[in-house]
Amino acid sequence: MDTSYRMWLATLVLLAAGAVFGRTMLGRTRLLLAGKPETRWNLVRDRAGALLRVGIGQQKMFRDPADPSAGWIHALTFWGFCILGLRTTQLFVQAYVPDFQWPLVEPLYAPVKDVTVLVVLVAILAFFHRRLVVRPKRIAYSHEALLILGFIGMLMVTEFGFEGLHYGARIAAGGTDATLAREHLAHAPIGRVLADLAAGSGVAVGTLWALGEVNFWVHVGIIVVFMNLLPLSKHFHVITSLPNVFLSRLEPPGALSLVPDIEKALEDEKPLGLSQATDLTWKQILDLYTCTECGRCEVNCPAWNTGKPLNPKMIILDLRDHVYGRQSQILTGVAAGGPSEPLAIGAAGVAGAGQVTAKEKADAEAGLPELIAGLNPDAIWSCTTCRSCSEQCPVMIEHVDKIVEVRRHLVMTRNEMPKELAKTLANLESKSNPWGMASGKRGDWAKGLGLPTLDENPNPEWLYFVGCAGAFDDRAKKITLATVQLLQAAGVSFAILGKKEKCSGDLARRSGQEYLFQEQAKANIELFVAGGVRKVITTCPHCYNTIKHEYPQLGGTFEVVHHAELIAKLVTDGKLSFTDGERQKVVYHDSCYLGRYNEVYDDPRKALQAVPGVELVEMQRSRKLGMCCGAGGARMWMEEKIGSRVNNLRVEQAMQTQPHVIASACPFCMTMLSDGVKAKDAADSVATKDLAEIVADRLKPPA
């Protein structure tokens with residue numbers, strides 16, 4: 001049976017499809033390389049580990065307990081594609097070498113391939129059922145998605161069709177062809193059955209052969225069409241997801257990027273933050289390429305779930321569509337006012353990613369519209385920076401960093417922000433606290449306690465960094481005092497800064513006021529260094545995260561622990577003893593900046609479980625799936641005018657456990673949860689306490 005024509009047709013198809021694909025990918029690559037420089041090629045071993053866990057292992061696909069089937073369907077399809085990549089290569093080789101089989105591995109690979117094709121086919125049918133029948137809210141109806149699913153399904157069908165009909169024809173023909181066919185099918189259980197069925201069907205050999213060739217070329221045709229459709233569609237992530245995971249951020253997620261030489265940038269009136277597409281780094285552009293539109297970020301966003309206009313998925317898609325639509329202008333480095341010199345290539349020091357064409361230069365004459373013009377300011381200011389979006393994203397897209405970069409531009413370049421935030425930042429600038437309280441009163445909470453200041457006790461074992469809330473807010477002061485009681489009971493040697501302490505700067509940085517953050521942080525670092533501080537205790541997760549992960553950007557590296565971590569250690573070490581007490585059902589709320597940002601989940605629970613009488617229960621959304629209280633990202637100081645209140649929704653989730661106490665380990669969470677309980681008229685039956693208060697309440701008095 002003659003297959004010589006395959007070589008010529010396959011060559012023609014591959015050359016044509018490759019030329020189209022290469023041209024499209026050149027444009028996408030040039031656009032990517034036009035982004036600003038960013039280092040993502042370091043720590044290769046760690047990146048390989050992330051690739052294996054998240055990319056190959058599909059780790060994040062299984063995190064939603066409410067929809068576990070979606071993760072399995074996608075993972076099985078992905079793993080199937082990985083396995084079948086070898087088969088796809090084999091089919092193209094068979095266009096030139098008809099009886100080619102993989103040496104050595106064929107006996108093992110053939111049965112795995114057959115089972116994989118069947119599994120993927122079932123998974124595709126499940127996908128169709130989800131999209132057409134179940135129709136989850138997070139999945140938008142898409143003709144393109146159905147087309148791609150149809151392509152994948154047809155690839156599986158034509159794989160079985162080709163193998164069954166092609167080898168069935170050879171078996172039916174008898175002789176040497178039949179012998180070779182059976183040898184090829186010796187390790188392919190499904191292929192062997194299909195071929196035997198075709199051979200015994202009574203259909204003419206020539207017809208079986210022709211049908212087998214049709215399946216072969218339909219299969220090949222779908223592959224090349226699919227390949228060329230990918231970079232033009234949302235399914236570009238099929239190409240970019242693994243690189244995006246490999247190149248994902250390995251630095252602590254709580255460290256936003258530093259704006260270097262910010263004083264000079266402000267003096268020169270240089271635009272700051274993210275305003276235009278040319279402000280994006282190459283990795284941020286790769287993020288935009290990689291969005292799968294799965295909606296996991298959307299359904300886990302506290303702002304979106306309470307009727308705010310922020311949809312993390314749409315932020316990414318709007319940015320992506322803007323970048324795609326302005327490709328010519330971006331490649332010529334055009335700013336909003338008109339054309340400029342071509343951009344320097346920044347992705348990895350790569351130069352010459354294609355020349356700018358005359359048409360692209362002509363297109364650029366209209367100028368580059370501002371990227372943020374298409375973004376809703378209410379959406380940008382609705383973000384609590386909780387990182388639930390990025391935590392759930394299966395391809396490691398970084399949403400929060402882009403939103404904060406937009407805030408930086410609005411605040412520092414345009415001086416545009418919610419009016420209540422403007423007042424808060426003014427208070428922070430003049431008084432070093434968001435309430436505008438006299439800075440000289442910051443240490444008043446400690447009067448009569450005999451606590452040494454850093455001036456009185458330099459080089460202490462620990463510095464207790466109290467934070468603005470712990471020093472000025474009446475409710476948070478109780479947490480501060482409980483923490484001090486526990487430290488003293490355990491014999492921990494520590495000092496405080498007293499009235500010299502400044503705000504950690506978290507509020508300023510998350511709101512986009514980078515200059516004010518650096519000003520506050522540098523002042524604290526100077527105090528720390530002058531006082532010989534090496535180890536720092538905080539009760540506020542925001543202070544904890546900022547001092548631990550962002551102060552090192554400014555030269556201040558210290559060992560930092562949250563009071564939940566230290567209390568758990570003191571309990572484990574037997575430094576704290578307790579009295580018996582009545583049973584309390586306690587539900588613990590995970591602070592975003594302690595949990596998702598710093599992976600501190602177990603220590604608060606260990607501390608609570610050590611208290612006699614405490615029965616610890618969990619909300620459905622806890623740990624990595626925990627929902628924000630609504631206070632992060634400077635939202636604590638902004639009015640919540642759109643939709644329902646985030647804290648009320650979180651309290652509703654907590655109340656489902658029927659607790660006596662809602663516990664937290666963050667003064668801002670405490671405020672939001674307390675307000676939520678009051679809004680539910682449940683303050684008489686449900687208490688809100690910090691874990692330090694719960695532990696201190698059962699502390700055994702000194703003998």
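The values are calculated or read from the model by the stated rules, or taken from the named source; none is laboratory data. These numbers come from a predicted model, not from an experiment. Here the Cβ positions follow ideal geometry from the backbone for every residue, glycine too, while neighbour counts run over all protein chains shown.
Mind checking whether some residue in the range 606-623 is aliphatic (A, V, I, L, M) and closer than 29 Å to Ala508 by Cβ?
The answer is no, given that none of the residues of the range 606-623 is aliphatic (A, V, I, L, M) and closer than 29 Å to Ala508 by Cβ.
Are any residues in the range 56-105 of a type in the set (A, V, I, L, M), modelled with pLDDT of 90 or more and outside any loop (DSSP other than H, G, I, E, B), and if so, which ones?
Those that are of a type in the set (A, V, I, L, M), modelled with pLDDT of 90 or more and outside any loop (DSSP other than H, G, I, E, B): Ile56, Ile73, Ala75, Leu76, Ile83, Leu84, Leu86, Leu91, Val93.
What number of residues within the range 520-538 satisfy the criterion of being free of Cβ contacts under 8 Å to residues at least 60 places away in the same chain and either crowded, with 19+ Cβ neighbours inside 10 Å or not assigned by TED's automatic domain parsing to the domain that holds Arg442 (or both)?
3
Inside the range 649-703, can you point out the residues that are under 20 Å from Lys569 (Cα atoms) and small (Gly, Ala, Ser)?
Ala663, Ser664, Ala665, Ala692, Ala696
Quick check, is Tyr551 assigned by TED's automatic domain parsing to the domain that holds Ile662 and within 22 Å of Cys386 (Cα to Cα)?
Values: assigned by TED's automatic domain parsing to the domain that holds Ile662: no; within 22 Å of Cys386 (Cα to Cα): yes.
When the stated conditions are applied, Tyr551 does not pass them.
Return the pairs, sorted by first residue and then second, in which the second residue is surrounded by 16 or more Cβ atoms within 10 Å (Cβ to Cβ) and not aromatic (Phe, Trp, Tyr), the first residue lies in the range 604-624 and is without any contact (Cβ under 8 Å) to a residue 12 or more places away in the chain and closer than 21 Å to His563 by Cβ, the beta carbons are less than 7 Å apart, and the residues are 6+ apart or on different chains.
If the second residue must be surrounded by 16 or more Cβ atoms within 10 Å (Cβ to Cβ) and not aromatic (Phe, Trp, Tyr), the pairs left are Gln609/Leu616.
Name every residue in the range 4-46 that is charged (D, E, K, R), surrounded by fewer than 17 Cβ atoms within 10 Å (Cβ to Cβ) and touching a residue at least 12 places away in the same chain (Cβ under 8 Å), in order of residue number. Quick ask: steps written out before the conclusion?
Step one: list which residues in the range 4-46 are charged (D, E, K, R), which gives 6, 23, 28, 30, 36, 38, 40, 45-46.
Now restrict to residues that are surrounded by fewer than 17 Cβ atoms within 10 Å (Cβ to Cβ): 23, 36, 45-46.
Answer for the range 4-46, where residues must be charged (D, E, K, R), surrounded by fewer than 17 Cβ atoms within 10 Å (Cβ to Cβ) and touching a residue at least 12 places away in the same chain (Cβ under 8 Å): Lys36, Asp46.
So which residues in the range 661-703 are surrounded by fewer than 16 Cβ atoms within 10 Å (Cβ to Cβ) and under 34 Å from the mean Cα position of the chain (by Cα), if there are any at all?
Across the range 661-703, the qualifying residues are Lys678, Ala679, Lys680.
So is Ile139 surrounded by 19 or more Cβ atoms within 10 Å (Cβ to Cβ), out of contact with any Phe, Trp or Tyr (no Cβ under 6 Å at 6 or more places or on another chain) and modelled with pLDDT under 95 or not?
no
The rows are residues; the columns are (1) assigned to a helix (DSSP H, G or I); (2) among the aliphatic types (A, V, I, L, M); (3) in contact with a Phe, Trp or Tyr (Cβ under 8 Å, 6 or more places away or on another chain); (4) touching a residue at least 12 places away in the same chain (Cβ under 8 Å).
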| position | (1), (2), (3), (4) |
| --- | --- |
| Ala265 | yes, yes, no, no |
| Pro271 | no, no, no, yes |
| Thr278 | yes, no, no, yes |
| Lys283 | yes, no, no, yes |
| Leu286 | yes, yes, no, yes |
| Thr292 | no, no, no, yes |
| Cys297 | yes, no, no, yes |
| Cys301 | no, no, no, yes |
| Asn305 | yes, no, no, yes |
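Does the range 480-488 include one or more residues that are farther than 24 Å from Thr384 by Cβ, small (Gly, Ala, Ser), in contact with a helix residue (DSSP H, G or I) (Cβ under 7 Å, 6 or more places away or on another chain) and assigned to a helix (DSSP H, G or I)?
Yes, the range 480-488 has at least one match.
Could you identify the single residue in Leu211, Leu230 that is buried (at least 17 other Cβ atoms within 10 Å of the Cβ) and modelled with pLDDT of 95 or more?
On inspection, the qualifying residue turns out to be Leu211.
Being under 28 Å from Asp697 (Cα atoms), surrounded by fewer than 19 Cβ atoms within 10 Å (Cβ to Cβ) and either touching a Pro at 6+ places or on another chain (Cβ under 9 Å) or outside the structural domain of Ala631 (by TED's automatic domain parsing) (or both) is true for just one of Leu486, Leu451, Leu481, Leu463. Which residue is that?
Leu481
Can you pull out the residues in the range 133-146 that are farther than 20 Å from Glu298 by Cα and without any contact (Cβ under 8 Å) to a residue 40 or more places away in the chain? Working first, answer last.
Within the range 133-146, the subset farther than 20 Å from Glu298 by Cα is 133, 143-144, 146.
Result: Val133, His143, Leu146.
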